Structures are given as C-alpha cells and as structure tokens.
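Worksheet for the structure shown next.
The values are calculated or read from the model by the stated rules, or taken from the named source; none is laboratory data. Computed from a predicted model, the values in this text were never measured in an experiment. Cβ placement follows ideal geometry from the backbone for every residue including glycine, while neighbour counts extend to all protein chains displayed.
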Amino acid sequence: MIAAAIQLGASFAAILLLAGLARWLGLGGDIRLRSADEARELARAAAGDFEPVDIALDRAGIGALLRDSAGRVLLLRRHGVHFAARLLGDHGSARLDRNFLTIDAGDRSFSAVTLDLGSDAPAWAASLRRLGDAR
C-alpha cells in the first residue's frame, strides 16, 4: 500500500516536472496572430522585399493573407508553434464558403488552410481568382 502511494507520488512529480520543462522550452503553446502589425512583421521576415499594403487576419489568429503594392499575395499560416509563409503562385487554389476561404498554396509541404476572414472573405476570394487569371 505504501509502495503504491510512493509510486503514485513519484509519477505525479514526474508529470509536473515534464510539464514545467515543456513550458520552459516553449513547447505546445497556443500560437496566434494578435494583430496586423504582427502579421506584417512575419511577412517581412519571410520575404524581405514584401511590404504589405492590405492584410486580412483570420478571426482565430491561425493565419492571414497579405497583399503588397505589386499585387503579390502572401499566405501566413500556423505551423506548429511558428508561422510559415508562402507567396501564392501558379499552382494554388482557393475555395470560398461564406466567410471561410480555403487556400491551397499548391505546395505539398504546405498543406491547405481554411481562414475565417469574415465579411472580407468574398473580396479576397475574388482577388485570388484575378491573381490566377493574370498568370
């Protein structure tokens, strides 16, 4: 009985230790975009010559679409505890479902993402169609 209690206590202590270590290392955090400024900085870091003039943030903060003055569109999406970025190219596609825009960048290593852009979703879907037509 005492051995079982000691084992239970040791297991609980080990779990707390591992949870503390994971928190200290920054693992498993709930990473979200909090503002357009944060999205702008991430876009600049991903593509140095990309200066966003129009930004649409996902309502949950899991991604964003950004457009520069040259008409290029950059997709930011959460990838683990970081954000990944792709300039949307020739092989991408977009599907609109009310306020949700599902975007596939056409890159197998960069899976599709569905963004809740609210009332901005139809305008972004139309601009992505025009982007595809211009290519």
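Among the residues of region 36-64, those identified as under 19 Å from Pro122 (Cα atoms) and either assigned to a strand (DSSP E or B) or among the acidic types (Asp, Glu) (or both) are Val53, Asp54, Ile55, Ala56, Leu57, Asp58, Gly63, Ala64. Hey, could you check region 98-116 for residues that are over 13 Å from the mean Cα position of the chain (by Cα) and at pLDDT 90 or above and say which is farthest from Gly61 (Cα to Cα)? Checked region 98-116; the qualifying residue farthest from Gly61 (Cα to Cα) is Arg98. Of the residues making up region 70-105, those that are surrounded by 21 or more Cβ atoms within 10 Å (Cβ to Cβ), of a type in the set (A, V, I, L, M), over 13 Å from Asp116 (Cβ atoms) and out of contact with any helix residue (DSSP H, G or I) (no Cβ under 7 Å at 6 or more places or on another chain) are Leu75, Ala105.
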